[in-house]
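Written below as structure tokens is the structure these notes are about.
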Amino acid sequence: MKRILIFLTPSNFNHVEQILGLLDRVLFLSRGQTVFSGKPDSLPLFFSDFGNPIPDNENRTEFALDLIRELESTAAGTKSLVDFHRSWQSTINFPYSTSSPTIKNPHSSLSLKQAITSSISHGKLVSGITGTAAASFPRFANPFWIEIAVLVKRAFTNSRRTPELFGIRIGAVLITGFILATIFWRLDESPKGVKERLGFFAIAMSTMFYTCADALPVFLQERYVFMRETAYNAYRRSSYVFSNAIVGFPPLVILSIAFATTTFFSVGLAGGIHGFIFFFLIVLASFWAGSGFVTFLSGVVSHVMLGYTIVVAILAYFLLFSGFFITRDRIPEYWIWFHYLSLVKYPYEAVLQNEFDDSGGKCFVKGVQMFDNTPLAALPAAAKMDVLRAMSKSLGVSLTGKTCIMTGADILKQQAVTDLSKWSCLWVTVAWGFFFRILFYFALLLGSKNKRR
């Protein structure tokens, strides 16, 4: 007869019922003493006779482990369950003796205590010993990097099983990019073109953050599993945060490439290949910061709809204070702090500088174009030239139809985009992503201080 030794841990609860169906007998231990030994099908009868019947539709193994943990936390420990098991075994005339302090097999002569100690050292068991004796065992079964590798592998496996989720995300980004590209198709270098560019940048950058809202349910759906696993010290909370960031980053790269290639050349943005590379980087940084912000909120709120409401509201505030609707120099002093907290501010100012600061001496307002977007725009061209000549005579400056009135640098000054360079805006956006993931770690640390009893 072949004997198989399986150590049950919180990470394989979902498959325990399938595993039990393949076993003839199971053995439950509590601090070196047998609390149950028999067929899996006899578990409900055993605990019913003990006075703790297993509820309907309850996981038998999970119920047994929870009850054992609960008894271990009492002063008497599991002595009552051990004594009951011995008497119960004698009543059913179980053929295998459980009184021996050691378990022998043809391949090992280890005692029960040695076997458990070896299993703990190999990460297969977590010690239930309390007091000074527990100091000899590590708090976590595996090193930090092993935990990250296991969690990353599990997350990638789950992602491969649901490819439709990523397909919907990239489909939404491509559709959004296509709509923006067709609306703002090949913008010219006129005052209207400048105004349309500003609108495109505001919508495009805020879209990055709204698209990240799909990350909100990820942790909310995993919260129960996470709390059970960390309650048994299956892994560190920091390992979960690192693995979450590692698994989430590759899709962000693909989404950024899709959006940048769809919009940059179609809209006719400036900068050539260097401008495109920076545009891609700032889009990626926006996705990174947005996903970090939403991930942090998922660790704070407990309901999906509540989370979506908060995300939409806060992102709307970020867009309001980004500098598009009202420039920085026009924001009241008592609200200026929110301007610098706005996640949309930094990518918005970065793409503005990428477009207008590196415009290569382009002129966006020439001669009579200064009358565009004013009541004088309806005047005939000849009348506009007469007004221009009168202004030239009055100011003592030569103003013709080709005189450059406003360059890219002038537009940046007009929009009050002068406090940070475009690369500084990029690094600040990336830093926001790291900052929110650090907050996510503290949210997990403070919000899930549970221990199984």
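Every number here is computed from the coordinates shown, using simple stated rules; none is lab data. In this text the structure is predicted, and so the values were computed from the model without any measurement. Cβ atoms come from the backbone with ideal geometry, glycine included; neighbour counts cover every protein chain shown.
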**Request:** Report the label-to-label distance for S73 and V387 in nanometres (one decimal), using points 7 Å from each Cα along the Cα→Cβ vector.
**Result:** 8.0 nm
**Prompt:** So what's region 154-260 giving for Cα Rg divided by 2.2 N^0.38 Å, two decimals?
**Reply:** 1.44
**Item:** Förster radius 60 Å - calculated FRET efficiency between F249 and S87, Cβ distance, rounded to 0.05
**Value:** 0.55
**Complete:** Listed by chain and number, the residues whose amide H is under 5 Å from that of K366, excluding neighbours fewer than 5 places away on the same chain and using placed H, are I405
**Asked** Ordered by residue, what ³J(HN,Hα) values in Hz, to whole numbers, does region 367-374 give under the Karplus form 6.51 cos²θ - 1.76 cosθ + 1.60, where θ = phi - 60° and Gly and Pro are x?
**Response** x, 5, 5, 5, 7, 5, 6, 10
**Asked** Using the count of nearby Cβ atoms within 10 Å as a rough guide to exposure, how do W288, W88 rank from fewest to most?
**Response** W88, W288
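Sort the following peptides by mean Cβ neighbour count (other Cβ atoms within 10 Å, averaged over residues), highest first: 78-84, 428-434.
Numbers: 78-84: 17.9, 428-434: 19.4.
The densest-packed peptide leads the list: 428-434, 78-84.
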**Local net charge near S322, Cβ-Cβ under 11 Å (Lys/Arg +1, Asp/Glu -1)** = +1
**Request:** For region 277-343, list log₁₀ I(q)/I(0) at each q in 0.14, 0.15, 0.24 Å⁻¹, using the Debye formula over Cα point scatterers of equal strength and ignoring solvent, two decimals each.
**Result:** -0.53, -0.60, -1.05
**Item:** Residue order, fewest to most beta carbons within 10 Å, for L388, L395
**Value:** L395, L388
**Fill in**
Neighbour-count ranking for E147, E70 (other C-beta within 10 angstrom, fewest to most) reads E70, E147
